[in-house]
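Please treat every number below as a calculation from the coordinates, not as lab data. All of these numbers come straight from a predicted model, not from anything done at the bench. Here the Cβ is made from the backbone with ideal geometry for all residues, glycine too, and neighbour counts use every protein chain on show.
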Ligand code: HEC
């Protein structure tokens, strides 16, 4: 009877351990990691503008006619999801670029389309927000090249951190099997 208890305990302990593990994995997989857009702001002349207003300005000036956000929109110009990161998170540089454009390269000066500083910083707030949204890893390295070539898939690499998890898992599993066998053998001895 004692040995049966030992076996049950050696099975129960890892199963109980799985409960917090699985709760944790659900939490990290499904938790909403996106920030509240009304809390993502850019400041201009002492006033702050948020990403909700920014989205409206982004639509008003039809940026989507040429650009994409997470791949949605026009394919004439680069995707803007991570542009704030590309530009080094410099709000003034981004706002000024949007206002001045790059006419020689096809980016119209938004100042000519009636955009003022306020609207430019609203758009900046929106682009700060898009940089922070959870895109599930999109884009992968080189997944949106302008040359039209297919991506070369980057191979999965076994990181040392993952390897130790595997090793510890195997050791743990073996100890479990040993515990069951020993308990079984002892049980036989006890009966004999
Ligand atoms: C008529 C098409 C068109 C519209 C409309 C347009 N853009 Fe552009 N934009 C471009 C092109 C083309 C480029 C790429 C210029 C280059 O190659 O350097 C660009 C570049 C940019 C860049 C720099 C991207 C980078 O990765 O360096 C930003 C930021 C940007 N646009 C923001 C906006 C915003 C914000 C709006 C709306 C307010 C907008 N654009 C509207 C055509 C457009």
Review point. Tell me, what is the percent relative contact order of segment 37-132, built from C-alpha pairs under 8 Å that lie six or more residues apart?
Key: 39
Review point. Of 126, 76, 178, which has the largest mean-square fluctuation in a 10 Å C-alpha GNM of the chain?
Key: 178
Exercise for review: Starting with the fewest neighbours, write out 129, 61 ranked by other beta-carbon atoms found within 10 Å of each beta-carbon.
Suggested key: 61, 129
Exercise for review: Please determine, in degrees from 0 to 90 and to the nearest 10, the orientation of helix 91-100 with respect to the longest principal axis defined by the Cα atoms of the chain, where the helix direction is its Cα long axis.
Suggested key: 40
Point to revise | Zone of residue 56's modelled label, taken as backbone nitrogen in segment 112-126 under 15 Å from a point 7 Å along Cα→Cβ | key: 116, 118-126
Practice item. Could you please rank 70, 167, placing first whichever residue has the fewest other Cβ atoms within 10 Å of its Cβ? Key: 167, 70
Exercise for review: Pop the C-beta distance of residue 87 and residue 133 into the FRET formula with R0 = 22 Å and round what comes out to the nearest 0.05.
Suggested key: 0.80
Study note, to complete from the structure: From fewest to most C-beta neighbours within 10 Å, the residues 6, 127 line up as 6, 127
Practice item. Please work out the Cα center distance from segment 1-27 to segment 62-81, rounded to the nearest Å. Key: 50
Point to revise | Segment residue 9-residue 190, extension gain: residue separation times 0.36 nm, minus the distance between their alpha carbons | key: 63.3 nm
Check your understanding: Using Cα atoms only, what is the angle between the long axis of helix 160-191 and the major principal axis of the chain, expressed in degrees (0 to 90) to the nearest 10?
Key -> 20
Check your understanding: How high is the relative contact order of the chain, in percent, with contacts defined as C-alpha pairs under 8 Å that are six or more residues apart?
Key -> 27
Exercise for review: Provide, for q = 0.16, 0.18 Å⁻¹, the log10 of I(q)/I(0) from a solvent-free Debye sum over equal Cα point scatterers in the chain.
Suggested key: -1.05, -1.20
Practice item. Could you sort 52-58, 97-103, 169-175, 41-47 so that the peptide with the highest average Cβ count within 10 Å comes first and the rest follow in order? Key: 52-58, 97-103, 41-47, 169-175
Practice item. Find how much the distance from residue 181 to residue 39 grows on full extension, using 0.36 nm per residue of separation minus their present alpha carbon separation; answer in nm with one decimal. Key: 45.3 nm
Exercise for review: On a 0 to 90° scale, report how tilted helix 51-60 is relative to the longest principal axis of the chain, with both axes built from alpha carbons and the result rounded to the nearest 10.
Suggested key: 50
